[in-house]
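Written out below as structure tokens is the structure these notes cover.
The values are calculated or read from the model by the stated rules, or taken from the named source; none is laboratory data. Everything numeric in this text was worked out from a predicted model, so none of it was measured. Glycine also receives a Cβ, built like all others from the backbone with ideal geometry; neighbour counts cover every protein chain displayed.
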């Protein structure tokens, strides 16, 4: 599982770089099972919250990161427009990359 965990973090970092460089993201935060090794399992995906991507570029950003891996599903959340409860969870438990 350690190798899979490391691969997931690699994908998360690659996605963050794309989101910042290509789409102007101001902040990218990993949340969910990837933030705690004890929560991570073989069904885990890569959950990312992002700040600063203009609305008209968001779906292009989603398309750019969802294709990074065939092994992991990459989920992208717009932290500025998501439900308040999710945003609070991301801010409390997430890891900025």
Filter the range 53-69 for residues that are part of a loop (DSSP other than H, G, I, E, B) and within 14 Å of the chain's Cα centre (by Cα); the one that is modelled with the highest pLDDT is 53
Screening 12, 49 for residues that are in contact (Cβ under 8 Å) with a residue 40 or more places away in the chain, in contact with a strand residue (DSSP E or B) (Cβ under 9 Å, 6 or more places away or on another chain) and over 22 Å from residue 84 (Cα atoms) leaves only 12
Going through the range 32-46 in order, the residues found to be in contact with a strand residue (DSSP E or B) (Cβ under 7 Å, 6 or more places away or on another chain) and assigned to a loop (DSSP other than H, G, I, E, B) are 45
Looking across the range 75-97 at residues that are without any contact (Cβ under 8 Å) to a residue 60 or more places away in the chain, assigned to a loop (DSSP other than H, G, I, E, B) and touching a strand residue (DSSP E or B) at 6+ places or on another chain (Cβ under 8 Å), the single one that is surrounded by the most Cβ atoms within 10 Å (Cβ to Cβ) is 79
Taking the range 12-31 and keeping residues assigned to a helix (DSSP H, G or I) and surrounded by fewer than 20 Cβ atoms within 10 Å (Cβ to Cβ) leaves 13, 14, 17, 18, 20, 21, 22, 23
Across (1) assigned to a loop (DSSP other than H, G, I, E, B); (2) modelled with pLDDT of 95 or more; (3) touching a strand residue (DSSP E or B) at 6+ places or on another chain (Cβ under 6 Å), residue 72 clears everything bar (2)
Those residues of the range 52-74 which are within 18 Å of residue 9 (Cβ to Cβ) and touching a residue at least 24 places away in the same chain (Cβ under 8 Å) amount to 65, 68, 69, 71, 72, 73, 74
Note: among 65, 50, just one is crowded, with 16+ Cβ neighbours inside 10 Å and within 18 Å of residue 93 (Cα to Cα), namely 50
Restricting the range 32-44 to residues that are closer than 16 Å to residue 71 by Cα and buried (at least 16 other Cβ atoms within 10 Å of the Cβ), the one nearest to the chain's Cα centre (by Cα) turns out to be 34
Residue 27 vs (1) in contact with a helix residue (DSSP H, G or I) (Cβ under 8 Å, 6 or more places away or on another chain); (2) at pLDDT 90 or above: all pass except (1)
